[in-house]
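The next block holds one structure in the form of structure tokens; read it before the comments.
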Amino acid sequence: MTIHDALRKQAQQLAIQDPRKPVQVSLRRAISAAYYALFHLLIDAAIRRLVAAEPRLRLGTLVSRAFAHGEMRKVSKAFAAGTPPAAFAAVAGPVPRELQRVADAFVSLQEARHDADYNVGRSFSRHETLVLLRKAEEAFAEWKGLRVQGLPAVDAYLTALLIGQLVRAS
């Protein structure tokens, strides 16, 4: 089982445990796990597509350490709006709605994870947690459809997630 699939499963389990009265720490960890599931899915896809390496092998592991949460957020915000960073716009072409939704889910889940992990004054309801987990599941489903299409925008997105900060528009 991949790390992203294991994290998806863990998020679901944490969200529904304690059926009568959900424990905040379980809901918080569920939200965090859902974000990390999408984070690792995108890294796995980028390594397989761009480096042509198995993510768990030495080269894949090495490259996976180069992804930065902040850069991935910045790139995802741009793709979610349908406007890739300038350096990638020409090669991306039009950004399909499915990719925009995946990128938007990444941004939303990262924001929720920050709250879940760092904002101890905030409480989460089970309903709110399940809505966020559904967003992650929908992003996984959208991604599954996108990855088989071989669209230039998908390759541009994966590349920008990895090297976006290194490339400037020419």
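The values are calculated or read from the model by the stated rules, or taken from the named source; none is laboratory data. Since the model is a prediction, treat every value here as computed from it, not as a measurement. Neighbour counts run over all protein chains shown; Cβ positions are idealised from the backbone, glycine included.
Determine whether residue 80 is among the small types (Gly, Ala, Ser) and touching a residue at least 60 places away in the same chain (Cβ under 8 Å). No, not satisfied.
Within region 46-58, identify whether any single residue is assigned to a helix (DSSP H, G or I), more than 14 Å from residue 162 (Cβ to Cβ) and not β-branched (Val, Ile, Thr), and answer yes or no. Yes - at least one qualifying residue is present in region 46-58.
Residues in region 129-149 that are at pLDDT 95 or above and of a type in the set (Gly, Ala, Ser): 136, 139, 141. Tallying residues that are outside any helix (DSSP H, G or I) and at negative phi within region 80-115 yields 7.
The residue of region 30-59 that is surrounded by the most Cβ atoms within 10 Å (Cβ to Cβ), among those that are free of Cβ contacts under 8 Å to residues at least 24 places away in the same chain and among the charged types (D, E, K, R), is 48. Can you find a residue in region 63-75 that is crowded, with 20+ Cβ neighbours inside 10 Å, at pLDDT 95 or above and under 19 Å from the mean Cα position of the chain (by Cα)? Yes, that holds for at least one residue.
Filter region 116-127 for residues that are part of a helix (DSSP H, G or I) and either touching a residue at least 12 places away in the same chain (Cβ under 8 Å) or touching a His at 6+ places or on another chain (Cβ under 8 Å) (or both) and give the result. Across region 116-127, the qualifying residues are 116, 117, 126.
Looking at 80, 87, 92, just one residue is under 17 Å from residue 159 (Cα atoms), touching a Lys or Arg at 6+ places or on another chain (Cβ under 7 Å) and of a type in the set (Gly, Ala, Ser), and that residue is 87.
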